[in-house]
1. Find all pairs meeting these conditions: Cβ atoms under 7 angstrom apart; at least six residues apart or on different chains; first residue within region 139-157 and over 15 Å from residue 115 (Cβ atoms); second residue modelled with pLDDT of 90 or more and of a type in the set (Lys, Arg).
2. Return the pairs, sorted by first residue and then second, in which the second residue is open to solvent by 80 Å² or more (accessible area, probe 1.4 Å) and modelled with pLDDT under 80, the first residue lies in region 2-14 and is on the phi > 0 side of the Ramachandran plot and assigned to a loop (DSSP other than H, G, I, E, B), the beta carbons are less than 7 Å apart, and the residues are 6+ apart or on different chains.
3. With surrounded by 10 or more Cβ atoms within 10 Å (Cβ to Cβ), touching a residue at least 40 places away in the same chain (Cβ under 8 Å) and not polar (S, T, N, Q) as the only criterion, which of 59, 93 stands out?
4. Determine whether residue 64 is in contact with a Phe, Trp or Tyr (Cβ under 8 Å, 6 or more places away or on another chain) and more than 19 Å from residue 140 (Cα to Cα).
5. All but one of (1) within 30 Å of residue 122 (Cα to Cα); (2) at pLDDT 80 or above hold for residue 6, so report the exception by its number.
6. Would you check which residues across region 70-108 are touching a Lys or Arg at 6+ places or on another chain (Cβ under 9 Å), under 23 Å from residue 141 (Cα atoms) and among the polar types (S, T, N, Q) and list them?
7. Of all residues in region 35-56, which are within 23 Å of residue 121 (Cα to Cα) and without any contact (Cβ under 8 Å) to a residue 24 or more places away in the chain?
Amino acid sequence: MEAWAAWAGDNWFSLLQGVGIVGSLLFTAASLRRDARSRRASDLLMLLEQHRELWSELHRRPELARILAPEADLVAQPPTVPESEYLNLVFVHFHTGWLLAAAGAAHDLEILADDIRGFFTLPLPRAAWHASRATRDPGFVRFVDGCLADRKRRRRG
């Protein structure tokens, strides 16, 4: 014990500096963690606003009504330019949600997967996805394809 007291007496300034450095590192880590949570909440709110605006557009524009029609006949009436443009925006929105969910909680990915499974059962979204998937982020394409394959397995099972 005497050796410790003698060492502390001789090195008190170095000890104080070390404690200060460790304390500041802990404070910085806590601040970064709090900032990351705040940024994630802000990103989610922005995504929610985009989601609301995107789906409101679908209801404001009657020429897009066929997108949600489960019986849309794509042979008799191929996708129109406004439908294709709107669906591209939806795919970009899904991709943004995927990026945010991949950086966050796994349960967010499952919610997104459920949305994708439901939306891509519709003829227009499914056809537009297959026509444009080669130009999409390969990781996102694997995620969507996995969701759709999982949907098929669930139906059979």
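The values are calculated or read from the model by the stated rules, or taken from the named source; none is laboratory data. Note that the structure is predicted; figures quoted are calculated from it, not measured. Quick reminder, even Gly has a Cβ in these numbers, built from the backbone with ideal geometry, and neighbours come from all protein chains shown. Each accessible area value is taken on the protein alone, full model and side chains, heavy atoms only, with ligands, DNA and RNA left out. Shrake-Rupley method; radii C 1.70, N 1.55, O 1.52, S 1.80 Å.
1. Hits for this filter: 141/133.
2. none
3. On the way: 59 fails: touching a residue at least 40 places away in the same chain (Cβ under 8 Å).
None of the other options fit; the residue is 93.
4. Values: in contact with a Phe, Trp or Tyr (Cβ under 8 Å, 6 or more places away or on another chain): yes; more than 19 Å from residue 140 (Cα to Cα): yes.
Yes; evaluated as a whole, the condition is true for this residue.
5. If we test residue 6 against (1) within 30 Å of residue 122 (Cα to Cα); (2) at pLDDT 80 or above, just (1) comes out false.
6. Passing the criteria: none in range.
7. Result: 48, 52, 53, 55, 56.
Conditions tested, residue by residue: (1) within 22 Å of residue 89 (Cβ to Cβ); (2) of a type outside the set (Lys, Arg).
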site: 26; (1), (2): no, yes
site: 35; (1), (2): no, yes
site: 39; (1), (2): no, no
site: 42; (1), (2): yes, yes
site: 45; (1), (2): yes, yes
site: 73; (1), (2): no, yes
